[in-house]
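Below is one structure; the comments refer to it alone.
The values are calculated or read from the model by the stated rules, or taken from the named source; none is laboratory data. What you are looking at is a predicted structure, and each value in this text was computed from that prediction instead of being measured. Heads up, the Cβs are rebuilt from the backbone with ideal geometry, glycines too, and the neighbour counts pull from every protein chain shown.
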Amino acid sequence: MSHSQPEPLLAVRGLRVHFPVRRGLLAKRQVGTVKAVDGIDFSLAAGETLGLVGESGSGKSTAGLAVLRLLDVTGGDVRFEGRDITALGRTEMRPLRRRMQMVYQDPFSSLNPRMKVADIVGEPLIVHGEAGSRGARRERVAELLDLVGLRPEMGRRYPHEFSGGQRQRIGIARALAVSPALVVCDEPVSALDVSIQAQVVNLFQDLQARLGLAYLFIAHDLAVVRHISDRIAVMYLGKIVELASREQLYRRPRHPYTRALLAAVPIPNPRLEAQRSHQALVGEIPSPLAPPPGCRFSTRCPMATDLCRTEEPPLRDLAVGHRAACHFAED
């Protein structure tokens, strides 16, 4: 007897987010299009973490915002809990918002400096009609602060009285207030000191184990993503160029861009670090306003041929659960 696979919590198909570039009087004339995200597919199961990595300008943060419908989608489908949300209006999206939340990159600018921490964490409860009585809300806020490793009495303070790591914990508590199933984490540790990053990543993992959360974890640091992700998608100039399990990606990366990113991650052992060869990337990431024809990585790839510069490689299956978009990736 065959068992059908359970439907993923999040399924993204052919997602495109394009921004018109306008000039002239009152900016009415469109002179180009920025293809920030240009046709990507991925899925995310309940309780799973998908790492989305790439350089600045690759489109990973735009993809995260589009999944939450915080940006308008140009094309493609975003299905959340089995429902296509790309065409839903603001009123229809409202009840779904509590099921999908976000932790922002900068804990300094994402918290209102004029609000006390208890009010910041409790605000989603009021917005989504789950506040209950004042006493019940106060109890829930204390529970959330304790969940992220802060003392409940800290709710009486303002954000400026906390360190960067503590502020990010407050942002996490706010995201968890309405019991979401999916949390989009947009570079949540990149603004923190290295000594604090590991603590916050460990907190994310503990919360996932306790609450069954699914994470779309956006980052440019492959070392951070390695610790938290079940699967990893590598983005370059609006496209996913490789998608694999964590073990597959680190053991045998198939795309030359992924190999270059991994080569840039330092090894803690100085002797091994000195012995290994580095594959330096030449040049800058091209503009999404005018991406190169063919493979978008061809302008920086040491393996590029005329085929790469004229024909775009499809994201194809190379092994079970391992896909890459390269003409010369071996099965």
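So that you can scan it fast, the table gives a plain yes or no per residue for (1) more than 28 Å from Arg169 (Cα to Cα); (2) among the hydrophobic types (A, V, I, L, M, F, W, C):
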{"site": "Ile40", "(1), (2)": "yes, yes"}
{"site": "Gly57", "(1), (2)": "no, no"}
{"site": "Leu71", "(1), (2)": "no, yes"}
{"site": "Phe80", "(1), (2)": "no, yes"}
{"site": "Glu92", "(1), (2)": "yes, no"}
{"site": "Leu96", "(1), (2)": "no, yes"}
{"site": "Pro107", "(1), (2)": "no, no"}
{"site": "Ile120", "(1), (2)": "no, yes"}
Q: For Pro159, indicate whether it is of a type outside the set (Phe, Trp, Tyr) and over 16 Å from Ile120 (Cβ atoms).
A: no
Q: Please work out if Leu65 is of a type outside the set (Asp, Glu) and farther than 28 Å from Pro293 by Cβ.
A: no
Q. If Asp84 passes every condition in (1) touching an Asp or Glu at 6+ places or on another chain (Cβ under 6 Å); (2) touching a residue at least 40 places away in the same chain (Cβ under 8 Å) but one, which one does it miss?
A. (2)
Q.
Could you check region 181-199 and list, in sequence order, the residues that are under 16 Å from the mean Cα position of the chain (by Cα) and not small (Gly, Ala, Ser)?
A. Leu182, Val183, Val184, Cys185, Asp186, Glu187, Pro188, Val189
Q.
Restricting to region 302-331, name every residue that is part of a loop (DSSP other than H, G, I, E, B) and within 25 Å of the chain's Cα centre (by Cα).
A. Glu312, Pro313, Pro314, Leu315, Val320, Gly321, Ala325, Cys326
Q: Hand me the list of strands (runs of 3 or more DSSP E) wholly inside region 17-117 holding 1 or more residues that are among the hydroxyl-bearing types (Ser, Thr, Tyr).
A: 29-44, 49-53
Q. What is the one condition in (1) at pLDDT 95 or above; (2) touching a helix residue (DSSP H, G or I) at 6+ places or on another chain (Cβ under 8 Å); (3) under 24 Å from Ala319 (Cα atoms) that Leu222 does not satisfy?
A. (1)
Q: List the number of the failed condition for Gly294; all other conditions in (1) in contact with a Lys or Arg (Cβ under 6 Å, 6 or more places away or on another chain); (2) not in a loop (DSSP other than H, G, I, E, B) hold.
A: (2)
Q: Assess whether Ala264 counts as being over 30 Å from Pro20 (Cα atoms), modelled with pLDDT under 90 and within 24 Å of the chain's Cα centre (by Cα).
A: yes
Q: Tell me, please, whether a residue that is in contact with a strand residue (DSSP E or B) (Cβ under 9 Å, 6 or more places away or on another chain), closer than 22 Å to Leu237 by Cβ and either in a helix (DSSP H, G or I) or polar (S, T, N, Q) (or both) can be found in region 7-14.
A: no
Q: Kindly establish whether Arg79 is at pLDDT 95 or above and basic (Lys, Arg).
A: yes
Q.
Looking at region 119-140 only, could you name the residues that are surrounded by 21 or more Cβ atoms within 10 Å (Cβ to Cβ) and more than 23 Å from Gln205 (Cβ to Cβ)?
A. Ile120, Gly122
Q.
Just to be sure I understand the filter: pairs with C-beta atoms under 9 Å, separated by 6 or more residues or on different chains, first member in region 301-325 and within 17 Å of Tyr250 (Cβ to Cβ), second member of a type in the set (Gly, Ala, Ser) and not in a strand (DSSP E or B). Which pairs pass?
A. Leu318/Ala329
(Q) If I go through region 19-52 residue by residue, how many of them are touching a Leu at 6+ places or on another chain (Cβ under 6 Å), buried (at least 16 other Cβ atoms within 10 Å of the Cβ) and more than 26 Å from Arg83 (Cβ to Cβ)? (A) 1
